[in-house]
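Below is one structure; the comments refer to it alone.
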Amino acid sequence: MFERAALVHYHEIGLKGRNRAAFERRLAANLTAAVEGLTDGRVTRIASRLIVPVSHSRRAGDVLAAIARIPGVAHVSDAYVTAREPVEMERAALLAVRDADEFETFAIEARRSATDYPETSQAMNVRIGEMVRRETGKRVDLTRPDVTLWVEVVQGAAYVATRRMHGPGGLPVGVSGKVVALLSAGIDSPVACWRMLKRGAVVVAVHFSGVPHTNDLSVRLVHEIAESLEPALGLARVYTVPFGDLQKEISLLAPPDLRVVLYRRLMLRVAERIAAFEGAEALVTGESLGQVASQTLENIAAVDAVAAIPVLRPLIGMDKLEIIATARVIGTYELSTQQHADCCTLFMPRTPHTHATVAECEAGEADLDIERMVADALAGMTQRDFRCPAYKPPKGQHA
């Protein structure tokens, strides 16, 4: 009886140099957390791959599905582990192809990464392919096969598989620091969070709720969105800030056409205070250039002027259809399209300013007690944590 294992190929880590081992360790730790309770084995590294033992073959599908959600994973295979003996490899190959769904054609992709193994990749392809053809009666098709059998020979073992799932690629969460992201229940900002955690950042989210001038449905949806992203193990915490009264104050004391930009400036100030407490190095928003009135270059510059740390916009060059397509893939689209009231729709002016300047914004804030408003926002804030093994919670109370 052969042992089973999930054979993980990573993505960009393979381009790293002397620090590759640190990236591999981080990915291994994330995989260990992802398969907790699904397998008893320990994640190991071998020949630019990660091996996750499958303790029970009936859980192999669950193990693969969990691993395929983890940033940094290029693809993962459900593999039979064999000795590097031709007869054993052929036995495993026959089991693997019989695991596959009904098929008429197949191809073999064999490769060796161990230089001490004498048989070439091409020779393995021919030998194993001939055995499969003979035993199953199926045809070889190297162009568009119904089933592909992968055989990988590494140090001390060979791995044989027909089942493979693609991962998100990118970098493992935890290798690119921490960011604070503005997260609404809409379509765009969850995708922005996803793109940042796929770049290896731990994401701490801040949701600005319209409470008490709206109900709390947006808060519940944001938590469900965070739960949808949780299997990627990158969104660590969601802070919820009641923002409705502060918006009302701005609407009463500031020029109507500047309201939207001034809302955003206050949000960034609050988010930056949270970033300082969290030890985060950047802010993240879900803005796309020109999509709405607040997202012109001038308004973006006017908003960013209040921030002392970088403000990242991973969707800035994407159009709405591209963003929606990603939202569908990551599983947030259906949640984000539910009808809800949030702070973005509160006290909206008839004609928002599309080309605000910093000077105009500062003049518009002249009657606002900005420091007190930031303090009020932080005082009413609540939080909820999600699974993220790379996250280190800050000590003490927020400012």
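What follows is calculated from the coordinates using simple rules that are stated; it is not laboratory data. Values in this document were obtained by computation on a predicted structure and should not be read as measured data. Neighbour counts are summed over all protein chains in view; Cβ atoms, including those assigned to glycine, are modelled from backbone coordinates with ideal geometry.
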Worksheet item: If you wrap the range 251-341's Cα atoms in a convex hull and average its projection over all directions, what's the area in nm²?
Response: 7.4 nm²
Practice prompt. Evaluate Rg over Rh across the range 178-385, taking Cα atoms for both radii and Kirkwood's formula for Rh.
Written response: 0.93
Worksheet item: Can you put Thr115, Thr214, Thr285, Thr357 in order, fewest other beta carbons within 10 Å first?
Response: Thr115, Thr357, Thr214, Thr285
Worksheet item: By how many nm would the segment from Ala363 to Leu297 grow when fully extended, if each residue of separation counts as 0.36 nm and the alpha-carbon distance is taken off?
Response: 21.8 nm
Practice prompt. Quick one, can you get me the convex hull of the C-alpha atoms of the range 70-125 expressed as volume per residue in Å³?
Written response: 129 Å³
Fill in: All Cα pairs of the range 150-297, percent lying beyond 18 Å
64 percent
Worksheet item: Cα centroids of the range 67-82 and the range 122-194: how far apart, whole angstrom?
Response: 6 Å
Practice prompt. Set Lys and Arg Cβ to +1 and Asp and Glu Cβ to -1, take the dipole of the chain about its Cα centre, and tell me which of Leu253, Ser77, Gly137 lies farthest positive.
Written response: Gly137
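Rg/Rh for the range 285-330: what does it come to with C-alpha atoms and Rh from Kirkwood?
1.03
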Discussion item. Can you find, among Ser184, Ala66, Ile323, the residue sitting farthest towards the positive end of the charge dipole of the chain, where Lys and Arg contribute +1 and Asp and Glu -1 at Cβ?
Written reply: Ala66
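For Val179, what is the net charge nearby, where nearby means another residue's Cβ is under 10 Å from its Cβ and Lys, Arg count +1, Asp, Glu -1?
Summing Lys and Arg as +1 and Asp and Glu as -1 gives 0.
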Worksheet item: Which values, in whole Å and largest first, are the semi-axes of the equivalent ellipsoid of the range 9-135 obtained as the square root of 5 times each eigenvalue of the Cα gyration tensor?
Response: 28, 20, 13
Worksheet item: Across all directions of projection, what mean area in square nanometres is found for the Cα convex hull of the range 120-195?
Response: 9.5 nm²
Worksheet, complete the sentence: Scoring the chain by relative contact order with C-alpha pairs under 8 Å, at least six apart, yields a percentage of 17 percent
Worksheet, complete the sentence: With Rh as the Kirkwood radius over Cα pairs, the range 267-306 has Rg/Rh of 1.03
Worksheet entry | In degrees, nearest ten, helix 188-198 long axis to first principal axis of the chain (Cα) | 50 degrees
Item to complete: Per residue, how big is the convex hull around the C-alpha atoms of the range 29-73? Give it to me in cubic angstrom, could you?
Response: 68 Å³
Worksheet item: How much net charge surrounds Cys388 when only the other residues with a Cβ under 11 Å from the Cβ of Cys388 are counted, with Lys and Arg +1 and Asp and Glu -1?
Response: +2
Worksheet item: Excluding same-chain residues fewer than 8 positions from Lys16, which lysines have a Cα within less than 24 Å of its Cα?
Response: Lys178, Lys198
Response to the item:
If each K or R counts +1 and each D or E counts -1, the residues other than Pro242 whose Cβ falls under 10 Å of its Cβ total -3
Item to complete: Jot down the radius of gyration and Dmax of the range 2-59, Cα atoms only, both in angstrom.
Response: 12.0, 38
Response to the item:
Output row, site Arg328, 7 Å Cα→C-beta label point, backbone N cut-off 17 Å, window the range 157-196, residues 187-188, 191
Worksheet item: How much FRET efficiency would the formula 1/(1 + (r/R0)^6) give for Ala123 and Thr32, where r is the Cβ-Cβ distance and R0 is 30 Å, rounded to 0.05?
Response: 0.25
